[in-house]
Amino acid sequence: MTKLTTMLATTATLATMAATPVLAETWDMPMAYSGSNFHSVTGAEFGECVTTGTGGEVEIVTHPSGSLFKGADIKRAIQTGQVNIGERLLSGHQNENALFGYDSIPFLATSFDDADMLWKAAKPSVEKVLADQNLTLLYAVPWPPQGLYFRDEVSSVADMKGIKFRSYNNATSRLAELTGMLPVTIEAAEISQAFATGVADSMISSGATGYDRKVWESLNYFYEVDAWLPRNYVMVNSDAWNGLSDANKNVMQGCAKLAEYAGTWRAKEYTGFTLQGLRDGGMTVAPASDTMKGELQEIGATMTSEWLEAAGDDGAAIVDAFKAMK
Ligand code: PCA
């Protein structure tokens, strides 16, 4: 070959190499809540951001409504590498580690701003616990404030006695016990059915979840108690994370920041919108009576001391750091 043809051949080989795509990976992302829920919408946008940003090297495909794994199974699926990424309400794992329940302490952080400060205070400890479980945290988005749903009117804790209560974590089960109700744990994806069939007649949750699940078909009252604002967390299996190129890690972290911002904004917008949706569906939406509020505050104080006892020094440090920020 002449010098020129050798050069041309080499250039052609290099061009082919450059055009050969790096092997693309598909990451399935299980999510527990319905596709129309704002967390799921945010997750889908996050997935598109990563897919585009990595030039298709990492394609994220979301699976909402608990269709790939149910809420309770998502964390384990990520930990064990059955999937590389997923979203979960971390307080659902409070029985594993009390720290996971830091965002469900009644009346500690009752507004978006306070919940944000509490998250800043808790984040380093939560990230450490997750890292020990082979999980890397990407982003977290709050739910709107938690209020009480009932089929029938309730004006004091005495009225709650014996009512079947749908719970979604330890804190909600404990709240039921302390108010004399009967807790039954049910995933959000299944609550419409549970209320329609009388398996449960009440719950604590956001206006958003009641709206998504059209609970006005069965329940009639929503009392705004603003008990806490729990979060959903998007986590990655740490082995999968470590296997990414630095460039792709940067893309994912950038997309995660955008998702956290957009998701939080949506949660705020959705608060008023969904409460109006409950009203339009025929429900009475109102603040709790002063008696009920006072009684719930007392129960909240009991639950706070129980949590502090379970969460030890790390828990106390989170609450102290939060109070120092306020
Ligand atoms: N909705 C979720 C958790 C908190 C919320 O507002 C649920 O009810 O399962």
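Throughout, read-outs are computed from the coordinates displayed, never taken from laboratory work. Just so you know, these numbers come straight off a predicted model, no measurement behind them. Cβ: placed from backbone, ideal geometry, glycine included. Neighbour counts: every protein chain shown.
Filtering region 31-49 down to residues that are aromatic (F, W, Y) and either assigned to a helix (DSSP H, G or I) or away from the ligand (no atom under 14 Å from the Cβ) (or both), which residue is nearest to P142 (Cα to Cα)?
So in region 31-49, the residues aromatic (F, W, Y) come out as 33, 38, 46.
Now restrict to residues that are either assigned to a helix (DSSP H, G or I) or away from the ligand (no atom under 14 Å from the Cβ) (or both): 38, 46.
Values: F38: 10, F46: 16 Å.
Per the stated criteria, the residue is F38.
Among the residues of region 193-232, those identified as within 13 Å of Y33 (Cβ to Cβ) and of a type in the set (S, T, Y) are S205, S206, T209, Y211. Reported count of residues in region 91-113, each being in a helix (DSSP H, G or I) and either in contact (Cβ under 8 Å) with a residue 12 or more places away in the chain or under 20 Å from R76 (Cα atoms) (or both), is 11. Before we move on, is E96 touching a strand residue (DSSP E or B) at 6+ places or on another chain (Cβ under 8 Å) and either closer than 27 Å to G300 by Cβ or not aromatic (F, W, Y) (or both)? No. Residue under question is A267, and the condition is that it be in a helix (DSSP H, G or I), in contact with a helix residue (DSSP H, G or I) (Cβ under 7 Å, 6 or more places away or on another chain), within 16 Å of the ligand (Cβ to nearest atom) and small (G, A, S); does it hold? In short, yes. In region 63-76, of all residues being surrounded by fewer than 20 Cβ atoms within 10 Å (Cβ to Cβ) and part of a helix (DSSP H, G or I), the one that is farthest from the ligand (Cβ to nearest atom) corresponds to R76. Assess whether V129 counts as being touching a helix residue (DSSP H, G or I) at 6+ places or on another chain (Cβ under 7 Å) and away from the ligand (no atom under 13 Å from the Cβ). Here the answer is yes, as V129 does meet what is asked.
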